[in-house]
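Chemist: Quick one: the structure is below, and I'll ask about it shortly.
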Amino acid sequence: MAAVETVLAHFRAELDQLQAQSLVRHERALDTPQGIWVGVKGGGDRVLNLCANNYLGLANDPRLLAAAREALDRHGFGMASVRFICGTNAVHRQLEQRVSRYLRTEDAILFPSCFDANAGLFEALLGEEDAIVSDSLNHASIIDGIRLSKARRYRYANNDPASLDMALEQAAGARTILVVTDGVFSMDGIVANLPALCTVAEKHGALVMVDDSHAVGFVGEGGRGTPALHGVEGRVHLLTGTFGKALGGASGGYVSGAKELVAWLRQRARPYLFSNALMPAICAATLVALDIAESDEALRGNLAARTRQLRQGLVALGFRLSGVDHPIVPVMIGDAARAAALASALGECGVFVTAFSYPVVPRDQARIRLQVSAAHSSDDIAFALDAFAEAGRASGALPPARR
Ligand SMILES: *Cc1c(COP(=O)(O)O)cnc(C)c1O
């Protein structure tokens, strides 16, 4: 029996089916550093990037590069160890303390990524006597992390306090109850209604955890994220976030909160115990990113202004958007093939975007998710809007121009 052949034939058929439904994702390689204008292999030497998580424009910032280079010379390339064996450099602890000082929490613990932070946290902190109540649109890493925990699991409708209230009724009796939400829902550009969610959680004696990956560094006062935006910093008990987006965009994640919780994660979180320590050069550059995020109000001001310019311009052209104010600007198209056609027509106009379709978003809710950066100029956004007008008509996403 050629068992392997059968397996491979199965996946060939599956891939063919995706292809037929326009659901295959293709990766395009950049041949420049990440930035506002990038070179895309086979897609232009200089195209406007509107799909990076580079919210503060720090991914190739000279100050971060200098800090990383200096750290390479001082601390070397890799740690070749997990933290508790011989993988802790002073810069790791420095970054943990810097993160908690920035977020005004007691302590923080680093992870190789925020995916790992979310994968490790629930299993370590919550057992079978406990319950987790999770938003239906939470990030994949939260969903996976919850699956690894023995706690009872409940789900509530996206960002809906009444639905959370009902889920918490069902969870009653559990020893510890943790409500979990993304601070920003990344496919929709919607900020979680933390004041209402916290109030419901408090009514049931539940703790609250927020994954602020799409907010830390640029949302709320000082860029401290969605709890700061909503004035609920003291009512959120655990925060997770990434260094892979606004804060330089390399990699790494954290959990931040009370010192007892962080101390326990250091003993029990499996991605912390069993995965390699962050590269010291990343930690050193992330420290600089945090200084910039904390102090540079002009950067956040430009991000907000460019976001308004893009959102207003797209609405004026006739596109339907999701979310308000957040630099994630989803242009709702519906049909996956049509979204793909618009993305490719935009590429021909010199704008680099990505279409999102099932299973990343629900079927028939395909969209182009734009992301604004503080490093975009108003000319850059005007260029993008011209391209959307032209590509929108060329691809059929907008009605043809009247003559
Ligand atoms: C991007 C993202 C993550 C994953 O972060 P990484 O550090 O890249 O693993 C986790 N949660 C949310 C909400 C995210 O948007």
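The values are calculated or read from the model by the stated rules, or taken from the named source; none is laboratory data. Being a predicted model, the structure only gives us computed values, none of them experimental. Reconstructed Cβ throughout: ideal geometry from the backbone, glycine too, with neighbour counts over all protein chains shown. To get the accessible areas, we keep the full protein, side chains included, count just its heavy atoms, and leave off ligands, DNA and RNA. Shrake-Rupley method; radii C 1.70, N 1.55, O 1.52, S 1.80 Å.
Chemist: Please give, to one decimal in nm, the separation of the simple spin-label points placed at Ser344 and Ala172, each 7 Å out from Cα toward the Cβ.
Modeler: 5.6 nm
Chemist: At 1.4 Å probe size, with no ligands or nucleic acids counted, give the accessible surface of Cys86 in Å², nearest ten.
Modeler: Cys86 has an accessible surface of roughly 90 Å² with all protein chains in place.
Chemist: Could you work out the Kirkwood radius for the chain, taking every pair of different alpha carbons, averaging 1/r and inverting it, reported in Å? Before the final figure, lay out each step's value.
Modeler: Details: mean 1/r = 0.0447 Å⁻¹.
Kirkwood hydrodynamic radius for the chain: 22.4 Å.
Chemist: Next up: Reachable lysines from Lys41, Cα under 30 Å, same-chain residues fewer than 8 places away excluded?
Modeler: Within the straight-line limit of under 30 Å, Lys41 reaches these lysines: Lys245.
Chemist: With a Cα-only, solvent-free Debye model of segment 70-202, what are the log10 I(q)/I(0) values at q = 0.21 Å⁻¹?
Modeler: After summing over all Cα pairs, the log10 values are -1.27.
Chemist: With loop defined by DSSP as not H, G, I, E or B, and exposure as at most 11 other Cβ atoms within 10 Å, which is the longest segment of the chain clear of exposed GluC sites (Glu not before Pro)? Let's see the in-between values first.
Modeler: Values: sites that count: Glu27, Glu128.
It works out to 129-403.
Chemist: Ok, one more. For segment 5-77 and segment 322-401, what is the separation of their Cα centres, given in Å?
Modeler: Cα centroid to Cα centroid, the span is 18 Å.
Chemist: Could you bin all the Cα-Cα distances of segment 62-295 into 5 Å bins starting at 0 and give me the percent of pairs in each, rounded to whole numbers?
Modeler: Here the calculated profile for segment 62-295 is 1, 7, 15, 19, 20, 16, 10, 6, 3, 1, 0, 0.
Chemist: Hey, got the Cα dimensions of segment 288-368 along the principal axes, in Å, largest first?
Modeler: Principal extents (Cα only, largest first): 43, 28, 25 Å.
Chemist: Sticking with this structure for a sec: Could you tell me the extents of segment 1-87's C-alpha atoms along the three principal axes, largest first, rounded to whole Å?
Modeler: That gives 56, 43, 20 Å along the principal axes, largest extent first.
Chemist: I would also like to ask the following. Once every DSSP H run of n ≥ 4 in the chain is given -39500 (n - 2.57) and the sum is divided by its residues, what mean residue ellipticity at 222 nm do you get, rounded to the nearest 500 deg cm²/dmol?
Modeler: The helix contribution divided over the chain gives -13500 deg cm²/dmol.
Chemist: Between the DSSP loop rule and a limit of at most 10 other Cβ atoms within 10 Å, which chymotrypsin sites (Phe, Trp or Tyr not before Pro) in segment 55-109 are left?
Modeler: Phe77
Chemist: Could you give the length gained by full extension between Arg74 and Asp364, i.e. 0.36 nm per residue of separation minus their alpha carbon distance, to one decimal place?
Modeler: Values: separation 290, 0.36 × 290 = 104.40 nm, distance 5.18 nm.
Taking Arg74 through Asp364 to full extension adds about 99.2 nm, to one decimal.
Chemist: Another one. State the Cα centre-to-centre distance between segment 102-161 and segment 180-208 in whole Å.
Modeler: Cα centroid to Cα centroid, the span is 13 Å.
Chemist: From the protein chains alone at 1.4 Å, what is the descending order of accessible area for Lys245, Lys259, largest first?
Modeler: From most exposed to least exposed: Lys259, Lys245.
Chemist: Run the 1.4 Å probe and let me know the accessible area of Ser344, rounded to the nearest 10 Å².
Modeler: Roll a 1.4 Å probe over it and Ser344 shows about 70 Å².
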